[in-house]
Amino acid sequence: MTERVHNFSAGPCTLPLSALEEAQAEFVDYQGAGMALIEMSHRGKHFVAVYEEAIALVRSVFGVPQDFDVLFLQGGATLQFAMVPMNLLGDGRKGGYVNSGTWAKGAIADAKPYGEIYTAWDGADCGYSRMPQSAELVMQSDTRYLHITSNETIGGIRFCEWPQVDVPLIADMSSDYMARPIPWDRFDLVYGGAQKNLGPAGMALVIVRKNVARDNNRDIARYLRYDIHADKDSMFNTPPVFPIYVLGKVLKWMQEQGGVEAMESQAEEKAGILYQAIDNSDGYYRCPVDAGSRSVMNVVFRLPTEELEKAFLAEADKAKLLNLKGHRSVGGCRASIYNAMPRAGVQALADFMATFRSSNRG
Ligand code: PMP
């Protein structure tokens, strides 16, 4: 058996072992065809079956209502930062944005050229240590949507409760996609890069209300139009064949685990183990995030000094607990514990944190 480490990378990241092994077993000769899936036409029967199953799994695992289209697009979540306003703000209405940190800032910056944008709440004032309450959102008239980042991957904060506003929500769910059920009636569109909870990098999963996809600004290049992708079943051009294939395997694994409800309770349990390790450390480990906004996907923490953080990361590496370094923009430590991170990996990290603390009291 291959020896696997505990990989706490923020994305690309740990995927279910069963998905990797199945893909490996089928890789060179796909179902007796004498060629690999990635060597076949995307219009052939093998890939079309893979594609249809992937769409069906997205719908069933995430409970996507029939009046939404499921799109597999290229350009990652980043292209969606621009595609959302390009498509939705053509009629002069405004986009409200919650500035919750690094990724929200990216969405705001990329939306500005395509419509009137405003910040409905600015987390800069609190150092991005929490998400806003609904009552704190300052909405303007003629707002088409409120854009939120459901989980800020770098800051380690998330919306525990969805904002209550009078306009549809658009959410960048890159780092907590399919980690909990969502109230679809409140959303017009959700999107995210696949490379955390869903599969390999190279694809965004966009789920958009059918009438929203079609009621768009048509004065843009064809690839950028949701209606064209929706009408062509994400086969307007050559789709990201390999990411779609692996996503299908990841979602099958998720379904076997009990779906998004199971992912949600597992995530809360796994994150709880780490937050307890932090909170019960007499201040040795510190989480810079407000308790009410703590992410259950990206657990960020600090040690008493940067020297101790360096030592912690070096020793963790030796213990095969990898990629715990915080994002270069904020420093510290970060454990990304997406859907496929086993509970045992999280427990191993909590045990390591206790051991490190007792032998490095400073
Ligand atoms: N939004 C969030 C919340 C992210 O975590 C990331 C990537 N880490 C992105 C957007 C950008 O995604 P991509 O690299 O797929 O463009």
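Annotations for the structure displayed:
- Using only alpha carbons, the range 299-362 has a radius of gyration to Kirkwood radius ratio (Rg to Rh) of 0.94.
- Charge tally in the Cβ shell below 13 Å around GLY156, where Lys, Arg are +1 and Asp, Glu are -1, GLY156 excluded: +3
- Annotation: the antiparallel percentage among DSSP beta bridges lying fully within the chain is about 50.
- Cα-Cα pairs of the range 203-244 separated by more than 12 Å (percent): 62
- Most simply put, the range 13-158 has about 15% antiparallel DSSP beta bridges, counting only bridges with both residues inside it.
- P(r) weight above 14 Å for the range 219-263, C-alpha pairs, percent: 63
- Within-15-Å neighbourhood charge of LEU89 [Cβ basis; K, R +1; D, E -1]: -1
- Distance distribution P(r), the range 75-197, all Cα-Cα pairs, bin width 5 angstrom from 0: 2, 12, 24, 26, 22, 11, 2, 0 percent.
- Modelled spin labels at GLU256 and SER359, positioned 7 Å past Cα toward Cβ, are 3.7 nm from each other.
- Each other residue within a Cβ distance under 14 Å of ASP122 adds +1 if Lys or Arg and -1 if Asp or Glu, for a net charge of -1.
- Among GLU307, GLU116, GLU52: highest mean-square fluctuation, GNM of the chain, C-alpha pairs under 10 Å: GLU307
- Per residue, the convex hull spanned by the alpha carbons of the chain comes to 133 Å³.
- Mean Cβ neighbour count within 10 Å, used as a protection proxy, ranking 294-302, 235-243 highest first: 294-302, 235-243
- Counting only Cα atoms, the range 239-342 measures 45, 27, 25 Å along its principal axes, largest extent leading.
- Using every pair of distinct Cα positions in the range 119-268, the Kirkwood expression returns a hydrodynamic radius of 17.1 angstrom.
- Under the membrane-span-like helix rule (DSSP H runs whose alpha carbons stretch at least 27 Å along the helix axis, mean Kyte-Doolittle hydropathy 1.6 or higher), the chain yields none.
- The orientation-averaged projected area of the convex hull spanned by the Cα atoms of the range 32-131 comes to 9.8 nm².
- Look at where the Cα atoms of the range 20-96 and of the range 262-291 average out, and the two centres are 33 Å apart.
- Distance between the 7 Å Cα→Cβ label points at ALA36 and VAL48: 2.4 nm.
- For the chain, the relative contact order is 22 percent, taking Cα pairs closer than 8 Å that sit 6 or more residues apart in sequence and dividing their mean separation by the residue count.
- Taking one quarter of the surface of the convex hull spanned by the alpha-carbon atoms of the range 170-221 gives a direction-averaged projected area of 4.3 nm².
Read-outs: derived from the displayed coordinates by stated rules, not from any lab. Just so it is clear, the model here is predicted, and its values are computed rather than measured. Virtual Cβ from ideal backbone geometry, glycine too; neighbours counted across all protein chains shown.
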